[in-house]
1. From Gly116, Gly18, Gly80, Gly71, grab the single residue that is of a type outside the set (A, V, I, L, M), surrounded by 14 or more Cβ atoms within 10 Å (Cβ to Cβ) and assigned to a loop (DSSP other than H, G, I, E, B).
2. For Val264, which of the numbered conditions (1) free of Cβ contacts under 8 Å to residues at least 40 places away in the same chain; (2) open to solvent by less than 20 Å² (accessible area, probe 1.4 Å) fails to hold?
3. When you scan region 104-112, do you find a residue that is hydrophobic (A, V, I, L, M, F, W, C), open to solvent by less than 10 Å² (accessible area, probe 1.4 Å), assigned to a loop (DSSP other than H, G, I, E, B) and in contact with a helix residue (DSSP H, G or I) (Cβ under 7 Å, 6 or more places away or on another chain), even just one?
4. In the list Ser186, Ser197, Ser207, Ser190, which residue meets the criterion of being within 17 Å of the chain's Cα centre (by Cα) and open to solvent by 20 Å² or more (accessible area, probe 1.4 Å)?
5. Could we say that Arg111 is basic (Lys, Arg) and either at pLDDT 95 or above or under 18 Å from the mean Cα position of the chain (by Cα) (or both) here?
6. Based on this model, can you work out whether Gly71 counts as at pLDDT below 95, more than 15 Å from the chain's Cα centre (by Cα) and either closer than 24 Å to Gly202 by Cβ or not acidic (Asp, Glu) (or both)?
7. Collect the residues in region 218-246 that are open to solvent by 70 Å² or more (accessible area, probe 1.4 Å), more than 19 Å from the chain's Cα centre (by Cα) and either among the acidic types (Asp, Glu) or within 30 Å of Thr275 (Cα to Cα) (or both), keeping them in residue-number order.
8. Going by the structure shown, is Thr91 closer than 23 Å to Lys58 by Cα and open to solvent by less than 30 Å² (accessible area, probe 1.4 Å)?
Amino acid sequence: MEFGRLITAMVTPFDEQGLIDWDQTKRLMDYLIEEQKTESLVICGTTGESPTLSEAEKLELFKFTVNYSRGRCKIIAGTGSNSTAHSIALTEAAEKCGVDGILLVAPYYNRPNQEGLYRHFKAIAQATVLPVILYNVPSRTAVSISAETTIALSKIPNIIATKECAGLDQVAEIAANTEDGFKIYSGDDSSFLPALSVGAYGLISVSSHIAGSKIKDMIDAFVNGDTTASAKLHQHLLPLFKGLFKIPNPVAVKYALVQRGLQVGSVRLPLVGPTDEEAKEIIELIAKY
C-alpha cells in the first residue's frame with residue numbers, strides 16, 4: 001500500500017453545537033485533496049480530536065470519509081489507544097468500514113516498557129490485514145518506542161511505516177536498520193526537511209491544512225535533488241510550522257481554516273479557542289501563506 005509522501009492529519013469539523021459537521025467535512029476533504037495536494041488523510045488522529053470523539057463518531061467518520069474520498073486519496077484510521085483489546089476492536093471495526101490503513105499511537109498514561117509496547121503493536125497488527133503505521137510521540141504519551149523496538153516491529157509483515165516524533169537520531173537509526181520498504185514519516189513539520197536528509201520518506205502534517213501545496217513542492221524539490229530550492233521553501237514555511245503549535249493543537253489550525261472560509265468550527269473541551277491576542281497572531285501568520 002502506497003500512502004504517498006504528504007499525509008494530512010485532518011481536523012474534525014464541528015458545528016455550533018459541537019457535533020460533527022458533515023457538509024464541512026466534505027468541503028474540507030475537497031480542499032485538502034484538490035488544493036493542498038494531500039495524498040492520504042489520517043482520520044481521528046490527535047489533530048482530529050480523537051480523545052473527545054466517541055467510538056460511534058469515529059466509526060461514522062471512517063465510513064463517511066472512505067465513501068466521500070471516492071478513491072481520490074487513501075484513508076488512514078486512528079485506532080490506537082492505551083488498551084490493546086480496545087485498539088484491536090476499533091481496528092477490526094475500522095477495517096469493516098473500508099479504510100486503507102491504521103495509525104497506532106503508543107499507549108499513553110499507563111507507560112508500558114519496550115516489551116509491552118512490542119506485544120501491544122504485534123497483537124493489533126496480527127488482528128488485521130490492514131497496513132499499520134506506528135506513531136511515536138513521546139511528548140504526548142510519556143513513553144517512547146525505542147528505535148530497537150520499531151526495528152523489531154518492522155519485521156511484522158503488515159507494519160509498514162512509523163510516524164516518528166522522537167528526533168533525527170531516531171529517524172536515522174531506524175532508516176539504517178530496516179528494509180527499504182519500511183517507511184518513516186516525520187510527525188514534526190519543523191524538522192521534516194532535516195528528517196528527509198537522514199532517511200525519512202514523508203510527512204504526516206498539520207501545517208498542510210494551510211500550505212500543503214508548498215510542502216509538496218518542498219518534497220518534490222528534495223526528491224529531485226534540488227536541495228537549494230527545498231531549503232528555501234523550508235525557510236519560508238518554518239514560521240508557519242512553529243506558529244501553529246504555539247498553542248495546543250488543533251486550536252490554531254482550526255482557527256486558521258475558519259479565517260480561510262472553511263467553517264470547521266472550534267474545539268471540544270477541555271481544549272478552548274484562542275484568546276484575542278492568539279487569534280491576532282494566527283491571522284497575521286497565515287496572511288504570509
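The values are calculated or read from the model by the stated rules, or taken from the named source; none is laboratory data. Note that the structure is predicted; figures quoted are calculated from it, not measured. Heads up, the Cβs are rebuilt from the backbone with ideal geometry, glycines too, and the neighbour counts pull from every protein chain shown. Each accessible area value is taken on the protein alone, full model and side chains, heavy atoms only, with ligands, DNA and RNA left out. Shrake-Rupley method; radii C 1.70, N 1.55, O 1.52, S 1.80 Å.
1. Gly80
2. (1)
3. yes
4. When all the criteria are applied, what remains is Ser190.
5. Values: basic (Lys, Arg): yes; either at pLDDT 95 or above or under 18 Å from the mean Cα position of the chain (by Cα) (or both): yes.
Judged against the criteria, Arg111 is a match.
6. Yes: the conditions hold for Gly71.
7. Asp226, Gln235, His236
8. On the way: closer than 23 Å to Lys58 by Cα: yes; open to solvent by less than 30 Å² (accessible area, probe 1.4 Å): yes.
In short, yes.
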